[in-house]
Amino acid sequence: MHTLPDPTASGDSRSDGPRSDGPGSDGLRSDGLRSDAPETVSNPAPGNAPLVAMAPGTQMGSRSRLTAKESVFADGVFRSAVTFCAIALVASVGLIVYELIIQSHLSMSKFGFGFLTKQIWDPVGEDFGALPFIFGTLVSALVALILAVPLSIGTALFLTEICPRVIRPILSMLVELLAAIPSVIYGLWGYFVLVPVLRLHVEPFLAKYMGWTGLFSGRMYGFGMLAAGTILAIMILPIIASITREVIMAVPRQQREAALALGATKWEMLRIAVLRNARPGILGAIILGMGRAFGETMAVTMLIGNRAEISKSLFAPGNTLASVIANEFTEAVGNTYLSALVEMALILFVLTLIVNGLAGLLVWSITRGTPRALA
């Protein structure tokens, strides 16, 4: 029977000292390397050359630098893109003005300032004046404002102060939906619905009780300044109501609470604390709606009657700057005729630009730096 030799009894030199697989007092390992030397990993590539492992901080630092470079590049691209958009917008407006001035130079040199004061519109004799169209533009917009402003302010007050929160979003959406309806749809509705109602019911009533003013007299066609102003009132109502609502919401809640705490009624609180503080913004909304009324074309063309004359009665047909351009631009023969139409477009552009700029300034004066008071 054979017995295995006892390893402890052998004369192996490992039994007399420390084990070679652990670090000794001199810091050496069994493979001959110091214990504080960088650790190596085997390379699976051919040759099995050892690779020194990189510290995690080095990898994260390089990745952070790469991300920073990408962010700087993306930021530069975005800044260049939005700058180009702004420059393109300004350049577009400038090109429009330049082209209008160039194309209307013949009319301006021939008629001068008298183009704005003459009432003659004679394409055959090439004698043109824009006064009837300027008059029609202003009168139709004024009628629209008279009808639309009370309804718009009332709608805005109801949506912000009285309307239950449950149905407030639905009513707000319906009001804003009116602004999305194409103008030709308004024109068709006015042609088939509004004009018969005005001719058969509204105009006879106005002629009977208000005819002494001279504003509601003459033949009742249904088409005319009253019809154009009414359809414009419907079209600008959502614009004025939406902006007025935003302005009223910008009035601090403390103004309302202070008025109610002093014993004011609901109407007194709205009149003193809300409408008085929101007055500049409401005025800006009204002017902005008037700018929309100036430039409206299709619906007005279908209902105004298209006659180049100045009449005191709102029953009489008329014309506006936008409607005469839409009606006669494709039929214009001769350079003077075409140049006169372009000059009226220039007048309309300048008038609308001034009105919209003034409206934006008034709205900004009331809403700047003011947090919303209501959700």
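The values are calculated or read from the model by the stated rules, or taken from the named source; none is laboratory data. Everything numeric in this text was worked out from a predicted model, so none of it was measured. Don't worry about glycine lacking a Cβ; one is built from the backbone with ideal geometry, like all the others, and counts go over all protein chains shown.
Counting just the residues of the range 92-112 that are small (Gly, Ala, Ser) and assigned to a helix (DSSP H, G or I), which one comes out nearest to Leu338 (Cα to Cα)? Among residues in the range 92-112 that are small (Gly, Ala, Ser) and assigned to a helix (DSSP H, G or I), the one nearest to Leu338 (Cα to Cα) is Ser107. The set of residues from the range 143-161 being out of contact with any helix residue (DSSP H, G or I) (no Cβ under 7 Å at 6 or more places or on another chain) and surrounded by 17 or more Cβ atoms within 10 Å (Cβ to Cβ) is empty.
Give the residues of the range 224-242 that are within 21 Å of Val149 (Cβ to Cβ) and in a loop (DSSP other than H, G, I, E, B), sorted by residue number.
Within the range 224-242, no residue meets the criteria.
Within the option set Tyr186, Tyr221, Tyr209, being part of a helix (DSSP H, G or I), of a type in the set (Ser, Thr, Tyr) and over 31 Å from the mean Cα position of the chain (by Cα) holds for one residue only, Tyr209. Quick check, is Arg307 at pLDDT below 90, basic (Lys, Arg) and either within 28 Å of the chain's Cα centre (by Cα) or over 24 Å from Trp189 (Cα atoms) (or both)? No: the conditions fail for Arg307.
Residues in the range 119-178 that are assigned to a helix (DSSP H, G or I), in contact (Cβ under 8 Å) with a residue 40 or more places away in the chain, out of contact with any Phe, Trp or Tyr (no Cβ under 7 Å at 6 or more places or on another chain) and more than 30 Å from Leu270 (Cα to Cα): Leu131, Phe133, Ile134, Phe135, Gly136, Val139, Ser140. Among the residues of the range 101-116, which ones are within 17 Å of Gly334 (Cα to Cα) and of a type in the set (A, V, I, L, M, F, W, C)? Listed by number, the residues that qualify are Ile102, Leu106, Met108, Phe111. Within the range 243-259, if we keep just the residues that are in contact (Cβ under 8 Å) with a residue 12 or more places away in the chain, surrounded by fewer than 22 Cβ atoms within 10 Å (Cβ to Cβ) and assigned to a helix (DSSP H, G or I), the residue that is nearest to the chain's Cα centre (by Cα) turns out to be Glu246. Looking at the structure I just gave you, is Val355 free of Cβ contacts under 8 Å to residues at least 24 places away in the same chain and either hydrophobic (A, V, I, L, M, F, W, C) or within 18 Å of Val143 (Cβ to Cβ) (or both)? Taking the combined requirement at face value, the residue does not satisfy it. Keeping to the range 79-103, report how many residues are under 21 Å from the mean Cα position of the chain (by Cα) and aromatic (Phe, Trp, Tyr). Selection size over the range 79-103: 1.
Between Ala258, Ala308, the distinction of being of a type in the set (Gly, Ala, Ser) and in contact with a strand residue (DSSP E or B) (Cβ under 6 Å, 6 or more places away or on another chain) belongs to Ala308 only.
Looking across the range 162-183 at every residue that is surrounded by 15 or more Cβ atoms within 10 Å (Cβ to Cβ) and over 29 Å from Met298 (Cβ atoms), the one that is nearest to the chain's Cα centre (by Cα) is identified as Arg168.
Across the range 293-309, the number of residues qualifying as closer than 15 Å to Leu142 by Cα and touching a residue at least 60 places away in the same chain (Cβ under 8 Å) comes to 5. Only a single criterion out of (1) in a helix (DSSP H, G or I); (2) within 23 Å of Ser152 (Cα to Cα) is not satisfied by Asn277, namely (1).
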